[in-house]
Amino acid sequence: MSLARDQGDRAIGVALDGTDGEGTLGARELKAAGGLVLAECVPENLAHSDAAAALADAVLPVDEVPDRLVSLIEQAARGLSRTEAPASEDIQAAGTVEALNAIAGLLCQKTGHDFHGYKRGTFLRRVQRRMQALLIDELPAYIELLRTSADEAQNLFNDLLIGVTEFFRDGKEWAILEQDVIPHLFKGKHRREPLRVWVVGCSTGEEAYSLAILLAEHRAKVEEPPPIQIFASDLDGQALAAGRAGRYSDSIARQMTPERLARWFVKEGDTYCVVKELREMCIFSQHSLIKDAPFSRLDLVSCRNLLIYLDAELQEKVIPLFHFALRPGGFLFLGNSENASRHQNLFVPVEPRSRIFRRLDTATRVFPDFPFTSVDRPRIARSAGHGASMIQPTAARDLTRWAEHAMERHNPAFVVIDEGHNVLHFSGPMGRFLAPASGAASLNLLQLVHPALRAELRNALSRAAVEEHSVELPGRELGTNGQRLRVNLIIEPRLAVSDRQPGFLVVFKD
């Protein structure tokens, strides 16, 4: 970790077998700083997402590591160092633009995630980083590898998601949030009306837990506090797993006061673990800001240092999406290099030069054109050689409107899912009803729901679709945290009419 802090993206680390948790933390720090990580190939470790090998740029037999290190150093000496930002003329060159579009198309085909709206300079630097790790010098050679390799698309995808985060980053903004915004969030709330927060691009959870600390500290001052729900979302399944675990290196001691560290963390060796009270407030889920429907009825949206990776066109579409997701008078928390000033009809800063904005009411509800991307989807499919159908923006927006009306009608915990059973909206305290299946992260409800409910829920969804009316499953029992729970399930279908997107509302009632 000291190497990452000292050398940044010039660092190269080697994680050998037996380093366990310390090796994983060190690998994570190196990757966040832009460095490269080599790991010893130990087959039984590769299946574990918390092993250093799962984060490495290259996994090699130990006797091949020295030669790879020498090659990386020689490559850097030839002037191919990833520390040098590509010149603007190189980024705009026709060949580079075409190559990056091809890479984005292949990523969309192989991972399902669209990076055409990613800032071109940042995208090129991350691609060059993968090329250096693989000792590839030319973009066409890398594109060919991306086409033929079973793993490289996922490896590049993981590298594109690497972000820099810490607890209470940019202290001045957090002080404004604590003093002027957090108390306002509790006003008018009661025990049955949850305070809802969405942390977009949560990475490994530091920002979500920072908000949880502030909310929990203020909750202790309120006579009848509301329940608190923090939805922490990201594309990166490994980062989400780290966030759920809530275990961090001892470097976090520099990021908060000793009193907070002692109150909200338990020291275990050279690491600190978030206390259970905070972990229970946070729901970590995989979510794409570009293609997945937003959470809604929110009091606060925190999206810090994510917009800087999106091109201007995509940024212009995201801000109205946050306005749509927030309740009247809700707040938007952005990073220090981000702004909502171009949308003065939607947001106003809580104080001059602040990056915290209050939602303004509009004469009519602003429905974003969703899902969105910076290029037309048919061209993406053609560039990747992929003909899979995509949900059209108009139909998806219509489904989002339907979901919004559904949210006003139902108070219990519920989800809105599409016809493929993928979750579009969560609402209410869902933790008791979810027990995600092991394996690749998924938003498919049948993979997320508690095992005791899966078979009956699958049958009920089929019945609701075939019979075209609501299906109720009363008094289903499941075990959670050593207790027995009885739950009523209501499945309401939304039928396809004309170009209207079909889907389901699934309600969970204690």
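None of the figures in this text is laboratory data; all of them are computed from the coordinates on show. Everything numeric here is computed off the predicted structure, so don't read it as measured data. Neighbour counts run over all protein chains shown; Cβ positions are idealised from the backbone, glycine included.
Odds and ends about this structure:
- Residue pairs, from the table LYS172/LYS276; LYS187/LYS221; LYS291/LYS317; LYS187/LYS509; LYS189/LYS509; LYS172/LYS221, whose Cα atoms sit over 20 Å apart: LYS172/LYS276; LYS187/LYS509; LYS189/LYS509; LYS172/LYS221
- Length available on full extension from LYS509 to GLU224: 0.36 nm per residue minus the Cα-Cα distance, which gives 100.3 nm.
- Here the 3J(HN,Hα) profile of the stretch 278-292, calculated from phi with Karplus coefficients 6.51, -1.76 and 1.60 at θ = phi - 60°, is 6, 4, 6, 7, 10, 10, 8, 8, 6, 7, 9, 4, 7, 10, 9 Hz, Gly and Pro shown as x.
- Cα→Cβ-extended label distance, 7 Å offset, between GLU193 and LEU3, nm: 5.4
- Taking the number of Cβ atoms within 10 Å of each Cβ as an exposure proxy, the fewest-first ranking of VAL14, VAL266, VAL466, VAL127 is VAL466, VAL266, VAL14, VAL127.
- Fewest-first sequence of LEU160, LEU3 by Cβ atoms within 10 Å of each Cβ: LEU3, LEU160
- In the distance distribution for the stretch 236-319, Cα-Cα pairs more than 16 Å apart total 66 percent.
- 3J(HN,Hα) along the stretch 206-212, derived from phi through the Karplus expression 6.51 cos²θ - 1.76 cosθ + 1.60 where θ = phi - 60°, amounts to 4, 5, 4, 6, 4, 5, 4 Hz, with x in place of Gly and Pro.
- Placed amide H near SER427: partners under 5 Å, 5+ positions off or other chain: PHE414
- Scanning residues 5 or more positions from PHE347 or on other chains, those with amide H under 5 Å from its amide H are LEU360, with H placed 1.01 Å from N in the peptide plane.
- The gain in end-to-end length when the GLN179 to ASP151 segment is fully stretched comes to 5.4 nm, 0.36 nm per residue minus the alpha carbon separation.
- The stretch 171-359 has equivalent-ellipsoid semi-axes of 25, 20, 16 Å, by the square roots of 5 times the alpha carbon gyration tensor eigenvalues, sorted largest first.
- Database remark: amide H of LEU310 closer than 5 angstrom to the amide H of LYS119 (H placed geometrically; neighbours at sequence offset of 5 or more, or on other chains; Pro and chain starts carry no H).
- Annotation: the residues THR96, THR362, sorted from fewest to most other C-beta atoms within 10 Å of their own C-beta, follow the order THR362, THR96.
- Global form of the stretch 89-150, assessed from the alpha-carbon gyration tensor, a/c cut-off 1.5: oblate
- Approximate spin-label separation GLU74-LEU485, in nm, with each point projected 7 Å along Cα-to-Cβ: 5.8
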